[in-house]
């Protein structure tokens, strides 16, 4: 018989008042985080599929990929992995240099663009849908592991760095280009983030990949020796209005933020901050736009 207010439980029933063990707590926490990570990546996938990222990629096609490949060196026959390849800016150049190239991206729509560009240019690239945090390749598979404005958007930075190191062969190299926190795009993201909910605790801010100190911490214990350079990518437009409209209509992160902030009634305030940033950094004096966005080039050698 049970007293009033008690719950009758047979042998083996779980006691809802029992304190969970450490193992149970760890398992629950891990499961919850993995579920949250998967949900966030669904959001990321939809974000980068929104708008017209290949049009954005045309404005970063020349300087950063050329800088990276000239610094890291690509030779015919090398196995090259381009992580978060997008529309293939880096992968296409590496393939044209004679490398055996694999391009990986989270967004199937971008891989389709990369495939069309490869066919048009007469180069072969193996394109794979996949995740920078869980690269679907064996250990020590590639001579060069590259990413230009790609891996910095994966949420768990340390895990991503470990994956890049894992698939790089001894004697090989990792080459990355990432926007810096201090540069144009880094400052743009800082403004947008002030109007958005805080990210989950497992997710780090993308521009941190543009910090030498942060990247050094990410690769600690991997056996990768790092070198750093900084460069800038130019954005040239006829006017501030044209530049802003271009990003608002084509760049996934701006599109998604704009839609949310319009619903919240805060978009115009955010947009005014963005305009002030662009005007303060504009080097043109004739009413046109010449903006330089700083990036960090990282070369890690095993």
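The values are calculated or read from the model by the stated rules, or taken from the named source; none is laboratory data. The structure presented is a predicted model; accordingly, all values stated were derived computationally and were not measured. We place every Cβ from the backbone using ideal geometry, glycine too, and count neighbours over all the protein chains shown.
In segment 113-129, the residue that is nearest to residue 100 (Cα to Cα) out of those that are in a helix (DSSP H, G or I) and in contact with a helix residue (DSSP H, G or I) (Cβ under 9 Å, 6 or more places away or on another chain) is 118.
Conditions tested, residue by residue: (1) touching a strand residue (DSSP E or B) at 6+ places or on another chain (Cβ under 9 Å); (2) crowded, with 18+ Cβ neighbours inside 10 Å; (3) farther than 23 Å from residue 277 by Cα.
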position	(1), (2), (3)
163	yes, yes, yes
169	yes, no, yes
185	yes, yes, no
188	yes, yes, no
197	no, no, no
208	yes, yes, no
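Of all the residues in segment 139-161, those that are more than 14 Å from residue 104 (Cα to Cα), touching a strand residue (DSSP E or B) at 6+ places or on another chain (Cβ under 7 Å) and buried (at least 24 other Cβ atoms within 10 Å of the Cβ) number 1. Check 66, 71, 31, 47 and return the single one that is free of Cβ contacts under 8 Å to residues at least 24 places away in the same chain and either part of a helix (DSSP H, G or I) or surrounded by fewer than 16 Cβ atoms within 10 Å (Cβ to Cβ) (or both). Exactly one of 66, 71, 31, 47 is free of Cβ contacts under 8 Å to residues at least 24 places away in the same chain and either part of a helix (DSSP H, G or I) or surrounded by fewer than 16 Cβ atoms within 10 Å (Cβ to Cβ) (or both), namely 31. For segment 158-166, the count of residues that are under 12 Å from the mean Cα position of the chain (by Cα) and within 23 Å of residue 252 (Cβ to Cβ) is at least one. For segment 240-260, does any single residue satisfy the condition of being part of a loop (DSSP other than H, G, I, E, B) and either more than 18 Å from the chain's Cα centre (by Cα) or farther than 26 Å from residue 46 by Cα (or both)? Within segment 240-260 (the criterion being part of a loop (DSSP other than H, G, I, E, B) and either more than 18 Å from the chain's Cα centre (by Cα) or farther than 26 Å from residue 46 by Cα (or both)), the answer is no, since none of the residues qualifies. Before we move on, is residue 225 at pLDDT 95 or above and out of contact with any helix residue (DSSP H, G or I) (no Cβ under 9 Å at 6 or more places or on another chain)? In short, yes.
Confirm whether residue 272 is at pLDDT 95 or above and within 11 Å of residue 240 (Cα to Cα). For residue 272, the condition - at pLDDT 95 or above and within 11 Å of residue 240 (Cα to Cα) - is not met. On inspection, residue 110 qualifies as closer than 25 Å to residue 184 by Cα and part of a helix (DSSP H, G or I).
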